[in-house]
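Take a look at the structure set out below.
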């Protein structure tokens, strides 16, 4: 990540929706070296997330696959052109859980950037009874952030390549913290 930034490259970041509560760690613990714009849904619950992210210096492009997606995609592309990194959660806003939608592949094609895929797992952690089974780390939990840059421009099925990478890295993160994969 830092080497890519040193070369002036921008990043497109993807991780599963159930790890969204752990996103602030990417900024605070990894000391993210640049500005970030994240795609958040227009749902009222995302307003809370937007305020938290705003305090961390992360901008929000509001929209989703079900409402305002084209406008949000345009805002992500504009942020990318300004030199910012962009974040998208491929299985949001309503799932199905851990199923990447086509928007992340469209973003990869439009930016011609590699996608930095993160597997994010906390252990021990509680899980909400929501569609995504959102992870809420317990105090003193161990958290693993496992990442890899994948170039999907040459992939026959970019969405599938992202899906496979997310599954593999999430499994690696679970094993790293001793959680059930």
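Taken together, the residues in region 95-150 that are assigned to a loop (DSSP other than H, G, I, E, B), in contact (Cβ under 8 Å) with a residue 60 or more places away in the chain and at negative phi amount to 7. For the condition within 12 Å of residue 12 (Cα to Cα) and either surrounded by fewer than 15 Cβ atoms within 10 Å (Cβ to Cβ) or out of contact with any strand residue (DSSP E or B) (no Cβ under 8 Å at 6 or more places or on another chain) (or both), residue 105 qualifies. Take residue 42 and decide whether it is farther than 17 Å from residue 61 by Cα, more than 12 Å from the chain's Cα centre (by Cα), part of a loop (DSSP other than H, G, I, E, B) and free of Cβ contacts under 8 Å to residues at least 40 places away in the same chain. So residue 42 fails the test. Exactly one residue out of 159, 168 is part of a helix (DSSP H, G or I), surrounded by fewer than 18 Cβ atoms within 10 Å (Cβ to Cβ) and either modelled with pLDDT under 95 or out of contact with any helix residue (DSSP H, G or I) (no Cβ under 6 Å at 6 or more places or on another chain) (or both): that is 168. Filter region 6-23 down to the residues that are in a helix (DSSP H, G or I) and surrounded by 15 or more Cβ atoms within 10 Å (Cβ to Cβ) and list them by number. Of everything in region 6-23, those that are in a helix (DSSP H, G or I) and surrounded by 15 or more Cβ atoms within 10 Å (Cβ to Cβ) turn out to be 17, 18, 19, 20, 21, 22, 23.
The values are calculated or read from the model by the stated rules, or taken from the named source; none is laboratory data. Every value quoted in this text rests on a predicted model; they were computed, and no experiment measured them. Note that we place each Cβ from the backbone using ideal geometry, even for glycine, and neighbour counts take in every protein chain shown.
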